[in-house]
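The values are calculated or read from the model by the stated rules, or taken from the named source; none is laboratory data. Worth saying up front: this structure is predicted, and the values here are computed from it rather than measured. Don't worry about glycine lacking a Cβ; one is built from the backbone with ideal geometry, like all the others, and counts go over all protein chains shown. When the accessible area is computed, the model is the full protein with side chains, heavy atoms only, and any ligands, DNA or RNA have been set aside. Shrake-Rupley method; radii C 1.70, N 1.55, O 1.52, S 1.80 Å.
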Amino acid sequence: MLLHIPDVLSAAQVAQARAQLDTADWADGRVTAGHQSAKAKDNAQLPEGSPVARELGAMVLEALSRNSTFFSAALPKRIYPPLFNRYSGGQSFGYHVDNAVRYDRSLGGAEPVRTDLSATLFLSAPEEYDGGELIIEDTFGTQSVKLPAGHLVLYPGSSLHRVTPVTRGTRVASFFWMQSMLRDDGHRRLMFQMDVAIRRLTQDVPEHPALVQLTGVYHNLLREWAEV
Ligand code: NI
């Protein structure tokens, strides 16, 4: 499932992030790439654990913790601390698959995170740059993603993806991975669809007794499938 989640960050939060990122010390993005993807990767990245990355990463995580659509779609068990990257001057990232397991260095490198889901949070407005589309090979075909600043795309960590060359301006984004309580993408999609339906019914027919039964089915399926 590929999901566009709007307004994860407010315009003020995007502006604050950009003010800090535009004056930050960037490094070569290849430092976090695996052996294969290092060959395809050409961008700049904030060093993991740098003060700006930590501060803005905390802001992103805090925003996600208040976003019910994100929680419902990802059912996150562990989120890797958000990273930040920047593309300009023709930079791109060719087709690759992200590493299956990441070790969270903020926890001493001891905590493995299986990358069930990948996320990109756009921090540049689409008008600021040409190119820079995130191209994702989904089960439904190839998707091209370029979102307003503050919006996020969530997609399966297993998918092949790339970023097309940024031929004008600068594309700044946050990206991160998460391990879900539901390993299976199909299970996650079903649970998300059921949750969306339950929310609509809760709005439209809040007193209907079947709502309690349906909510019970949701939780009992989650109990059946969740790894916690
Ligand atoms: Ni990637």
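Couple of notes before you dig in:
- Additional length obtainable on full extension of the chain from Thr139 to Arg189, 0.36 nm per residue less Cα span: 16.7 nm
- Within straight-line cross-link reach of Lys146, aspartates and glutamates at Cα separation under 19 Å, skipping those fewer than 8 residues along the same chain: Asp7, Asp42, Glu127, Glu128, Asp130, Glu133, Glu137, Asp138
- Note on the chain: with neighbouring protein chains present and a 1.4 Å probe, carbon and sulfur make up 55 percent of its accessible heavy-atom surface.
- When both the range 40-84 and the range 102-176 are represented by their alpha-carbon centers, they are found 11 Å apart.
- Per residue, the range 77-209 exposes 45 Å² of solvent-accessible protein surface, assessed with a 1.4 angstrom probe and all protein chains in place.
- Using the Cβ-Cβ distance between Ala210 and Ala12 with R0 set to 45 Å, the FRET efficiency works out to roughly 0.60.
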